[in-house]
Amino acid sequence: MTTAIDIHTHLLELQAERALASIEGLAVNSVYMADLDGEIEATARAYVGAAVTEIATFRAELSGPQVGSCYRHERFRRRHTRSRGTRAAPQCLREPAMTHPTERTTHASHYHIL
């Protein structure tokens, strides 16, 4: 399994290779430099993704996964738990939490953010 540290090490090696290529005069080889720059960019993106994933995984292991809620319905829940209104809660507050961010609620006007 490739970790964020492994990807970061590879990124540092690519950056060192780019610096060495410039010193050795390979900077004039536009095809080589474009390929190297593309690999550096892709590796940097992979590093950020892996680091964020590892942080989220560690956080979930420590305190459980985060489950978001709809702002509008969270406001409704807070308001109506304090008052004695007879207004029914929106359907999404009566349903179990969604498991995937792309699942829609019964209300067509918004998505729940997880």
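The values are calculated or read from the model by the stated rules, or taken from the named source; none is laboratory data. Just so you know, these numbers come straight off a predicted model, no measurement behind them. All Cβ positions, glycine included, derive from the backbone under ideal geometry; neighbour counts span all protein chains shown.
Brief remarks on what is shown
- Residues that are surrounded by 11 or more Cβ atoms within 10 Å (Cβ to Cβ) and of a type in the set (A, V, I, L, M), drawn from the range 34-63: Leu36, Ile40, Ala42, Ala44, Ala46, Val48, Ala50, Ala51, Val52, Ile55, Ala56, Ala60
- Which listed residue is under 25 Å from Ala19 (Cα atoms), modelled with pLDDT of 95 or more and under 20 Å from the mean Cα position of the chain (by Cα), from Ala34, Ala42: Ala42
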